[in-house]
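Undergrad: Please read through the structure below; I'll follow up with questions.
The values are calculated or read from the model by the stated rules, or taken from the named source; none is laboratory data. Remember, it's a predicted structure, so these values are computed and weren't measured experimentally. All Cβ positions, even for glycine, are placed from backbone atoms using ideal geometry, and neighbour counts span all protein chains on display.
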């Protein structure tokens with residue numbers, strides 16, 4: 001498989017991950033009626049545009065989008081990681097910033113004792129980040 005086809009597939013995969021993450025967050029808030037905390041809102045602000053940006057990039061086969069989208073996914077990963085620490089590490093949770101009406105250390109879900117909503121967001125952002133790093137490397141090899 002040539003580099004351009006790999007890039008196309010990776011961009012499509014990243015856009016699907018962003019779409020699933022967005023639909024998942026909407027499911028939690030609009031169907032299950034979980035009220036997002038402030039940190040959840042910041043993660044949403046960073047994830048939702050990725051659906052559109054990566055979707056357009058996948059259709060146009062535009063690897064250059066990685067340069068512009070990587071900061072969003074890296075910042076999103078950082079916020080998700082911090083939010084997960086707030087939930088799972090007592091010291092961090094007790095010494096974190098105030099989080100508004102809904103406490104950021106609250107856990108609407110806790111599947112298998114470690115999978116929470118911020119953990120799911122962390123997986124999404126991190127996956128997108130890794131995929132975009134591969135896109136950049138393949139694009140550089142292709143000379144674009």
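Undergrad: Considering 123, 75, which residue is surrounded by 14 or more Cβ atoms within 10 Å (Cβ to Cβ) and free of Cβ contacts under 8 Å to residues at least 12 places away in the same chain?
TA: Testing whether each residue is surrounded by 14 or more Cβ atoms within 10 Å (Cβ to Cβ) and free of Cβ contacts under 8 Å to residues at least 12 places away in the same chain leaves just 123.
Undergrad: Quick check on the range 30-40: of everything there that is touching a residue at least 40 places away in the same chain (Cβ under 8 Å) and loosely packed, with under 15 Cβ neighbours inside 10 Å, which residue is farthest from residue 97 (Cα to Cα)?
TA: Here the residue is 32.
Undergrad: Among 43, 94, which is out of contact with any strand residue (DSSP E or B) (no Cβ under 7 Å at 6 or more places or on another chain) and surrounded by 16 or more Cβ atoms within 10 Å (Cβ to Cβ)?
TA: The match here is 43.
Undergrad: Something else about it: Does residue 27 satisfy the condition of being surrounded by fewer than 13 Cβ atoms within 10 Å (Cβ to Cβ) and not in a loop (DSSP other than H, G, I, E, B)?
TA: yes
Undergrad: May I ask you to verify whether residue 33 is at pLDDT 95 or above and in a loop (DSSP other than H, G, I, E, B)?
TA: yes
Undergrad: List pairs: first in the range 45-61 and closer than 18 Å to residue 80 by Cα, second at pLDDT below 95 and crowded, with 17+ Cβ neighbours inside 10 Å, Cβ under 8 Å, 6+ apart or cross-chain?
TA: Qualifying pairs under 8 Å: none.
Undergrad: Helices (runs of 4 or more DSSP H) wholly in the range 36-144 with at least 1 residues that are under 16 Å from residue 6 (Cα atoms) - which ones?
TA: Fully inside the range 36-144 and qualifying: 38-60, 65-88, 117-142.
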